[in-house]
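A.B. asks: This structure is in structure tokens; I'll ask about it shortly.
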Amino acid sequence: MLQRLIWLTLVLAIWASTSASAAPRIVVVRDDSPVARQVADMLGHEVSRLGWSSAEIVVGDQLPADLRREEGAATVALGFTAVQATRLLGRPTVGALVTRAAMEESPLPPAERSTVIMLDQPVERWSALIRLAFADRSLVGLLAGPTLQRSIRTLERKFQDRGLVLVAETVNSGESIVPTLDRLLPRTRVLLALPDPLVHNRGTVQPLLLTTYRAGIPVVAYSEAYVNAGATISLYSTPKQVSEQIIESLQQLLEGHPAAALQSPRYFTVGVNRAVARSLGLSLPSDGELQERLQGTD
Amino acid sequence: MSKKPILVLVALATARITFAAGSPAEPFFDELPVVLSASRLVQPVADAPAAVTVIDRETIRASGARQVQELFRLVPGFVVGYRNGHEPSVSYQGLADGYVRRLQVMIDGVSIYSPVYGGVDWRELPIAIDDIERIEIVRGPNGASFGANAFLAMINIITREAVGHETGLTLNAGRDGIADWNARHSGGDGNLLYRISVGQRADNGFDAVSDNSRTGFMNLRANLRLDSTEEVAASVAASNGSGQIDENFVRPQTFENYHGNLRWTRTTDAGSEFWLQLNHAQRHLTEDQHYLTRMPGIPGILPAMDLPVDMAYKVEATRDEFETQWTAGSTSALRWLGGGQWRQDAVRSPGLFDNPGWLRNNLWRLFANAEYRLSERLLLHAGATYEHPSLGDSGLSPRVAAIATLAPGHSLRFSVSHAQRNPTPYEESTQHGYAVPDALREAVAAIPPEKLASLPEPYKTMIQQTVYRQFAMASGGLVSEKIFSADIAYQAHLPALHLDGELRYFHNRITGLIYTFPISVPTFTGLKNDSWDFRNRDDAHVQGIEGSLNWSPWAGGQVNVAATHTRIRSSNLDANYSATVPDRTASVLLRQQLPADFAVSVGYYFVGPMRWLSGGDPLPASERFDLRLARTFLWDGHRTELAAIAQNITDRHYPDFFDYLVARRLAWLQLRYEY
């Protein structure tokens, strides 16, 4: 009993010394992708603005030996490799820049005082956005590759709650995208592009956007690059928005509050390609108005 | 088309490809190429600064048209006539003969306006009707955007881009020698997409004359993406074929066409795009015929003779263009585009120009167009082209337009524009005649001049109007024709009712119309013969009302209506221009999807009384019905369509261009298979 009390006191003392310290040290572990570097830079600035200190470690195929040695009050892991590598360090950890698909493919072992912020926007936000932007269109098409196929039922149900009908077609090879679209488009009024590397990549974006455009069907997509490429609307979180949520989660963990194991993006951007919308003869609310109203539905 | 530059560019481009497979963990931040760039986006008709008609693929299919020119019957104010089975004339608001010189026609933004006679050789298009994505027709001058010759109207045929793996085959077979086929395939992946199409069109033309023709064609286009901002597109196209013109005698013709285009585009975002392009086109037309003609002779003066007619008549033409365009601000209230073009046309035809060498015409132009959304209710357009041609006048072709939204879906458009048509090399420089056989020249030289001068009829005419006369002798010095056009239009765009419509009043003032002017020229006989020069002498005022309506009143049904009422006043000095514009035209295309994957469409076309220039006969009002019945089914798992098509199904015999060319019913079966 006494031993336990001593242990508890020690743990509390260590925890208090780190959390109550004026300058917690944050270890940022990231993969070497440009976006992870960008978010790490933003975090670095934010961390020093808060008067904290930070260290940055890049993980590649091999785990760096100094990962465990690096002392810190908390860890930020950017990218799925980094999240996996830091999972069992035992420190409060905020993971980010991770897709739901990666998490489902390689489930992470449970870890206390850890949270992962996913890139995928919640389904309810997609359905609310489509309702706000296209009040008179309720048939929503979806091309589902291997990544999305297991989520179709959930998507259908949640869309139904908003009065939308999800019309999904499955795609099992990159070559079948156009024929599948040809079958799908006559039965839809909007095409929803959700991340699925087989369906949406640099090679497929041209046929996909040209085919939908010819059919007069607006595409609602998941990234800033997609709306620049020719999607009518995109819903996405910018690296800045991701880093804001990371800081907030860090603060929450360091203050000893629990955090959900998985989080959806809290901050997001709605981008509208006005040129495409105008060409399709759509009059859409302004980006700001859409975003504000969408925040209201969250 | 020189192949070397293309190969070098493709090699350079391939060397620069930097794309790797997308990282599966981060599709959210992957760079993507700008696909729907400014040049791929279609401006909504209601926002355009001029009256625009768009014919899309569904309309093309429903119309049952076998050949591109037939589609223009669906456009308000357009009339399609046939000088013979394979020489169609497509005119807008009249003032036209067999070579419709006051219309600019382009394929994918590249002019196919003939560098010799003006006009377009429709039978020679190197594309199939299934290669067309859509056709945009600007009714009214469009010189502000495209320079000279976009005078009465402008047609831009936009072909289909490769979008994946598709293979298709279309066959037409019917009476009157209708035998068309077209096979097409698109493929590639990721950075390189290509599309190829080959085929032929063939028919026997009209019953009364020997005017059968056959055109073979191919076109290939490839888009190579260099990175997320840059793309190189290359296309080559060719057509060849033969046909006969049966006027006073049968003249067999053969032609060959080659087109090449190379375009490099840099698109930084959806609103900004910059491109450079090179075009090359060449055409060879040959009427290679030698025959003997019997000259009856003049008793006591000239013996009867069998004389050779040398019809080795060739026209070679080339066109080289360099063009650049910059578009900016497609996403903001102010959008603009600007650019420049340099063009050289070269023509060689000893028969037409009495000159063994090449005649070259250069042109350069600069253009800028801006669109400013002043408020939700007011959209302003201003644009101009400055052009410096070696044939015709240097000058500015401007346009201003304003579109005021009265209520959502209802707007008024006002526009004022000016444009010009430059003289063609034929009008400016032709010396069109045939070589006089030595035997005739010597026989005539032996006749004392006073006897020749006092020849009685019909011998005098016989000598003067021999086939060896000088047909046309241009003295040159022509100036460009000018048009000043103003219009006001009410436009309705009501998506909830599935209805779009336009009612437009226009007034065009056209000055300096170029036409043949009768002259007498000395011939080998020493007598003068009647010939033609070209002069800018006539003016015309054309005004009228045009209406169009596209409506889907119920599911699976659509109706397209076009109607016009036009009035013309002209000085009619050199030609009866006033007769060239039918006072009324109308077209209706009804289509309906039926159960069991059947589809039916009915076309109705009416043209009021009119007359084509250059010898066209007075034509009474004509009307006809077309019918298309199709069924789509899966054949071996692939989409297949079988259609029965009949044009002029009631078999009304109306004259087309000339009295003796009588339009009759044409019917054929069409099979379309997509793999």
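A.B. asks: Average partner chain C-beta neighbours within 10 Å, per residue of A:276-288?
C.D. replies: For peptide A:276-288, the averaged partner shielding equals 3.
A.B. asks: Assuming R0 = 45 Å, can you tell me the calculated FRET efficiency for the pair residue A:161 and residue B:268, based on Cβ-Cβ distance, to the nearest 0.05?
C.D. replies: Efficiency at R0 = 45 Å is approximately 0.65.
A.B. asks: By per-residue mean of other Cβ atoms within 10 Å, what is the highest-first order of B:233-244, A:203-214?
C.D. replies: Highest mean packing first, the order is A:203-214, B:233-244.
A.B. asks: Follow-up. Grab the DSSP H runs of chain A that are 4 residues or longer, score each as -39,500 (n - 2.57), total them, divide by all residues and round the 222 nm result to the nearest 500 deg cm²/dmol.
C.D. replies: Helices in chain A give a 222 nm mean residue ellipticity of -13000 deg cm²/dmol.
A.B. asks: Taking the Cα centre of chain A as the origin, how large is its charge dipole in debye, to the nearest 20, when only Lys and Arg (+1) and Asp and Glu (-1) carry charge on their Cβ atoms?
C.D. replies: 520 debye
A.B. asks: Right, here's the next one. Could you rank the peptides B:609-621, B:500-512, A:83-95 by their average count of other C-beta atoms within 10 Å per residue, with the highest value first?
C.D. replies: A:83-95, B:500-512, B:609-621
A.B. asks: Based on the Cβ-Cβ distance from residue B:284 to residue A:136, what FRET efficiency comes out when R0 is 56 Å, to the nearest 0.05?
C.D. replies: According to the calculation, E is roughly 0.50.
A.B. asks: Where is the GNM fluctuation largest for chain A (alpha-carbon springs, 10 angstrom cutoff): A:282, A:254, A:166?
C.D. replies: Looking only at A:282, A:254, A:166, the largest GNM fluctuation is found for A:282.
A.B. asks: Which translational diffusion coefficient, to the nearest whole µm²/s, is obtained for chain B from the Stokes-Einstein equation, given a Kirkwood hydrodynamic radius over C-alpha pairs, 25 °C and 0.890 mPa s?
C.D. replies: Estimated via Stokes-Einstein, D reaches 91 µm²/s.
A.B. asks: Can you give the extra length, in nm with one decimal, that the chain gains between residue B:404 and residue B:435 once fully stretched, where that is 0.36 nm per residue apart less the Cα-Cα distance?
C.D. replies: 5.0 nm
A.B. asks: What shape does the range B:158-297 take by its C-alpha gyration tensor, where a ≥ b ≥ c are the square roots of the eigenvalues and a/c under 1.5 counts as rounded, a/b above b/c as prolate, and the rest as oblate? Walk me through the intermediate numbers first.
C.D. replies: Values: a/c = 4.12, a/b = 2.12, b/c = 1.94.
Since a/c reaches 1.5 and a/b is larger than b/c, the shape of the range B:158-297 is classed as prolate.
A.B. asks: Turning to a different aspect of this structure: For a quick check of your reading of the filter: which GluC sites (Glu not before Pro) in the range A:243-298 sit in a DSSP loop and have no more than 15 other Cβ atoms within 10 Å?
C.D. replies: Passing sites in the range A:243-298 are A:255.
A.B. asks: Please turn the phi angles of the range B:345-352 into ³J(HN,Hα) values with the Karplus equation 6.51 cos²θ - 1.76 cosθ + 1.60 (θ = phi - 60°), one per residue in order, whole Hz, x for glycine and proline.
C.D. replies: Once rounded to whole Hz, the list reads 9, 10, 10, 9, 7, x, x, 8.
A.B. asks: Quickly estimate the mean residue ellipticity at 222 nm for chain B, helices only: each DSSP H run with n ≥ 4 gives -39500 (n - 2.57), and the total goes over all residues, rounded to 500.
C.D. replies: That calculation yields -2000 deg cm²/dmol at 222 nm.
A.B. asks: What angle do you read, to the nearest 10 degrees and between 0 and 90, between the alpha-carbon axis of helix B:4-16 and the longest principal axis of chain B?
C.D. replies: Once rounded, the angle reads 0 degrees.
A.B. asks: Can you order the peptides A:189-201, B:275-287 by their average number of other Cβ atoms within 10 Å per residue, highest first? Before the final figure, lay out each step's value.
C.D. replies: On the way: A:189-201: 23.1, B:275-287: 18.8.
The densest-packed peptide leads the list: A:189-201, B:275-287.
A.B. asks: Follow-up. Once the dipole of the protein assembly as shown is set up with Lys and Arg at +1 and Asp and Glu at -1 on Cβ about the Cα centre, which of A:223, A:84, A:267 lies farthest towards its positive end?
C.D. replies: Going by the Cα projections, it comes out as A:267.
A.B. asks: From the residues A:42, B:75, B:541, which one has its Cα farthest along the dipole of the protein assembly as shown in the positive direction, the dipole being from +1 and -1 charges on Cβ of Lys/Arg and Asp/Glu about the Cα centre?
C.D. replies: A:42
A.B. asks: In vacuo Debye scattering of the range B:425-579, one point per C-alpha: log10 I(q)/I(0) at q = 0.10, 0.19, 0.20 Å⁻¹?
C.D. replies: One equal scatterer on each Cα of the range B:425-579 leads to -0.62, -1.10, -1.15.
A.B. asks: What are the residues whose amide H is under 5 Å from the amide H of residue A:77, where those residues sit 5 or more places off or on another chain and H is modelled from the backbone?
C.D. replies: The list, which skips near neighbours in sequence, is A:29, A:94, A:95, A:96.
A.B. asks: How many partner chain Cβ atoms sit within 10 Å of a residue's Cβ in peptide A:247-260, on average, as a whole number?
C.D. replies: If you average over the peptide's residues, the count of other-chain Cβ atoms is 0.
A.B. asks: Which value results when the Cα radius of gyration for the range A:232-298 is divided by 2.2 N^0.38 Å?
C.D. replies: 1.47
A.B. asks: Turning to a different aspect of this structure: Can you give the convex hull volume of the alpha carbon atoms of the range B:55-109 per residue, in Å³?
C.D. replies: 92 Å³
A.B. asks: Using the Kirkwood formula on the Cα atoms of the protein assembly as shown, what hydrodynamic radius do you get, in angstrom to one decimal?
C.D. replies: The answer is 32.0 Å.
A.B. asks: Taking θ = phi - 60°, what integer Hz values does the Karplus form 6.51 cos²θ - 1.76 cosθ + 1.60 yield along the range A:188-205, in sequence order, with x for Gly and Pro?
C.D. replies: 10, 10, 9, 10, 9, 9, 10, x, 7, x, 6, 8, 10, 8, 4, x, 9, 5
A.B. asks: Also: If amide hydrogens are placed 1.01 Å from N in the peptide plane, which non-local residues have theirs closer than 5 Å to the one on residue A:263?
C.D. replies: A:116, A:117, A:118
A.B. asks: Report the full-extension gain for the segment residue B:505 to residue B:194: residue separation times 0.36 nm, less the Cα-Cα distance, to one decimal in nm.
C.D. replies: Residue separation times 0.36 nm, minus the Cα-Cα distance, leaves 107.6 nm.
A.B. asks: Give me the distance between the Cα centres of the range B:156-205 and the range B:629-667, rounded to whole Å.
C.D. replies: Each part's Cα centre sits 19 Å from the other's.
A.B. asks: Can I ask one more? Once you average over the residues of A:226-238, how many Cβ atoms of partner chains fall within 10 Å of each Cβ?
C.D. replies: 4
A.B. asks: The range A:194-245 to the range A:99-132: how many Å between their Cα centroids?
C.D. replies: About 18 Å separates the Cα centre of the range A:194-245 from the one of the range A:99-132.
A.B. asks: For the range B:60-71, take each phi angle, set θ = phi - 60°, evaluate the Karplus expression 6.51 cos²θ - 1.76 cosθ + 1.60, and give the result in whole Hz per residue in order, putting x for glycine and proline.
C.D. replies: Running phi through 6.51 cos²θ - 1.76 cosθ + 1.60 with θ = phi - 60° gives 4, 5, 5, 5, x, 4, 8, 10, 4, 4, 5, 5 Hz.
A.B. asks: May I pose another question? Work out, step by step, the length gained on full extension between residue B:446 and residue B:496: first 0.36 nm times the residue separation, then minus their alpha carbon distance; give nm to one decimal.
C.D. replies: This chain segment gains 9.6 nm when fully extended.
A.B. asks: Residue A:287 versus residue B:592, label points 7 Å from Cα toward the beta carbon: distance in nm?
C.D. replies: 4.8 nm
A.B. asks: Once label points are set 7 Å from the Cα along Cα→Cβ at both residue A:49 and residue A:261, what is their separation, rounded to one decimal in nm?
C.D. replies: The answer from the label model is 3.3 nm.
Computed from the coordinates by the stated procedures, all read-outs in this text should not be read as laboratory data. Note that the coordinates shown come from a computational prediction; the quantities given were computed from them, not determined experimentally. With ideal geometry, Cβ positions are generated from the backbone for all residues, glycine too; neighbour counts draw on all protein chains shown.
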